[in-house]
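First, the structure itself, so that you have it in front of you.
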Amino acid sequence: MKTYKYLSLLMVSLSIVGCSDLEEEPIGLLAPEGFFQTTKDIQTSVNGALTHAINEQFWGRKLSIGLMLRSDMVDLASDETRRVEMNEFTTLGSNGMITEFWPRTYQGIAAANQAIEGAENVDVDESIKNPVTAQAYFARAFYYFHLVRQFGDVPYIDVTISASNADELASLSKTPAADVYAKIIADLEFAKTWLPNTQASRSIPSKAAASSYLALVYLTMAGTNDNAMFKKAFDEAQEVIDNRGVYELALEADFQTLFDADKIDESKEPIFALDYNNFEAPDNAYDQIAPMTGIRGDEKNGGSWSVAVPALAVYETWDSADYRRAVSMDDSAFFDDDDDDTTPAVEYPYTQFGIVTGSLHKFAKQRPYIAKYTRFPGPFARGNGRATSHNYSMIRYAEVLLIAAEAAVELGDNESAVKYINEVRERARAGGSWKSTGLSTVPADISGTVTANDVLEERRLELAFEGKRWYDIARRRIGTEVFGISGLEGEKAFFSADDYLMPLPSDELDRNPNLLPQNPGY
């Protein structure tokens, strides 16, 4: 059994607890032949698989903040080496944001594999069993989709780890990225076949979630010139759009609601979400995105850490009449100048951050901050906004519209591209509850011939700070452009084409030489 200590990706002693909308039931390492008796047992394992995604080592901080820093929109206000490496493209295989994210992702995969294999022991009709098991197929595809986009070739494990196969898995080689994508598609197709149209919560995978992710997978595989993949992306996105009534999907009327933890549960826009609602478990299963992105010293959220901060050019080049900028960014904050709690906090514009005497705000950078996760974190939020009540939309209806628009551009269907971009822009013009913003003429409807760059820019603004931009840069191979002198963050001198993939974790390579060679450039 020493092999279990040999490779961290095989460390799957699970503490399975559910998110707030998933059943909570802690259990230990599951033995498929003994534990799985009913569909409830399958669901318990599925819940465990999805719970790994809200861990601090996955979306709670390591992955989410890493994706922000690797984009062209978020700069770093920290000298911590692993974050500097992410921000400047000097990333090493020993980087803690990788070495912690990697095993956590494989733990989620392991739990999904246990659910899938364990379901074979549940003696009920497929029509009863498969809709539950399909959630595990979706979860496995979700995790591998993140891995393959970040690392390319990765070990593909689709079996439960046991004493009989541990030695084999401990020396597993990398699976070519094309094969990993094929397996992701197969899992999502199974999920799409068996999942119900809707679920009690958007944190539980539905048929719409599987189809939407298929559209995004095909769009990613298309790169810049694969029309066959663009056609598949368009068809999948169109299927979701055509069935939006059946799937209970729609654009949320008020853009701010999407980032209000008290209101998001009622929205029809999220398609698949990670739900932190009133949930904190041992083993770092909590949300730290708010403190990582919040304004240091701001009274409204207990200070925050001012780590991931937008480039000033993001704010200055974003039309001030676009309601999405007001929702996405905070350009003022409340500071207590005297630190004695006897006078009310005073509101200062971002131009005064860091230069007014008193309090912690002297460490705040003179630029607007990300507001999507700090403004309305919900009742569970405490010091610095840590452990919030947020639901994080991994994919939402607006993105499906933009997937369809981008694919339509590549297929020469300008009419569809115009239609779907303008649906997203129309919502932005409507204004909403934040500062009682009224109707606007910005962004105006797009007209004429739409380009791929038009869609990418719309995605950049609509999905700002949601972990999408880096993946867009990588799949469209636009790094040289956006990280050049004229880029939003200025020149990132160390960026090269090798940086579209990250290095494989060096500790994994040390344990298993079959994972060599390291990715190019590292």
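The values are calculated or read from the model by the stated rules, or taken from the named source; none is laboratory data. What you see is a predicted model; the values in this text were computed from it and never measured. Neighbour counts are summed over all protein chains in view; Cβ atoms, including those assigned to glycine, are modelled from backbone coordinates with ideal geometry.
Which of the residues that make up segment 426-475 are of a type in the set (Val, Ile, Thr) and more than 25 Å from the chain's Cα centre (by Cα)?
437, 441, 442, 446, 449, 450, 451
So residue 203 clears everything in (1) over 25 Å from residue 51 (Cβ atoms); (2) in contact with an Asp or Glu (Cβ under 7 Å, 6 or more places away or on another chain) except one condition, right? Which one?
Tallying (1) over 25 Å from residue 51 (Cβ atoms); (2) in contact with an Asp or Glu (Cβ under 7 Å, 6 or more places away or on another chain), residue 203 fails exactly one: (1).
Looking only at segment 381-423, count how many residues are outside any helix (DSSP H, G or I) and over 21 Å from the mean Cα position of the chain (by Cα).
The number of residues fulfilling the criteria is 4.
Among the residues of segment 453-488, how many are farther than 10 Å from residue 72 by Cβ, surrounded by 14 or more Cβ atoms within 10 Å (Cβ to Cβ) and in contact (Cβ under 8 Å) with a residue 60 or more places away in the chain?
13
If you scan segment 299-338, which residues turn out to be in contact with a Gly (Cβ under 7 Å, 6 or more places away or on another chain) and either among the β-branched types (Val, Ile, Thr) or without any contact (Cβ under 8 Å) to a residue 40 or more places away in the chain (or both)?
335, 337, 338, listed by residue number.
Follow-up question, since we're still on this one. Determine which member of the set 230, 279, 259 is modelled with pLDDT of 95 or more, touching a Phe, Trp or Tyr at 6+ places or on another chain (Cβ under 8 Å) and under 30 Å from residue 56 (Cβ atoms).
259
Only one of (1) surrounded by 22 or more Cβ atoms within 10 Å (Cβ to Cβ); (2) β-branched (Val, Ile, Thr); (3) under 18 Å from the mean Cα position of the chain (by Cα) is not met by residue 220, so which one is it?
(1)
Now for a different question. Would you call residue 242 surrounded by fewer than 21 Cβ atoms within 10 Å (Cβ to Cβ), among the charged types (D, E, K, R), within 28 Å of residue 519 (Cα to Cα) and free of Cβ contacts under 8 Å to residues at least 40 places away in the same chain?
Taking the combined requirement at face value, the residue does not satisfy it.
Do we have residue 149 as within 21 Å of residue 203 (Cβ to Cβ), outside the structural domain of residue 205 (by TED's automatic domain parsing) and in contact (Cβ under 8 Å) with a residue 12 or more places away in the chain here?
No; evaluated as a whole, the condition is false for this residue.
Restricting to segment 450-495, what's the tally of residues that are of a type in the set (Gly, Ala, Ser) and more than 21 Å from residue 63 (Cβ to Cβ)?
6
Hey, another quick one. Could you go through segment 167-175 and let me know if any residue there is more than 15 Å from residue 512 (Cβ to Cβ) and not in a helix (DSSP H, G or I).
No: zero hits.
Still on this model: Just to be sure before I move on: is residue 253 assigned by TED's automatic domain parsing to the domain that holds residue 436, surrounded by 22 or more Cβ atoms within 10 Å (Cβ to Cβ) and modelled with pLDDT of 95 or more in the structure I sent? Walk me through how you get there before you give the answer.
Numbers: assigned by TED's automatic domain parsing to the domain that holds residue 436: yes; surrounded by 22 or more Cβ atoms within 10 Å (Cβ to Cβ): no; modelled with pLDDT of 95 or more: yes.
Answer is no for this residue.
Name every residue in segment 475-522 that is under 19 Å from residue 149 (Cβ atoms), touching a helix residue (DSSP H, G or I) at 6+ places or on another chain (Cβ under 9 Å) and acidic (Asp, Glu), in order of residue number.
Within segment 475-522, 499, 508 meet the criteria.
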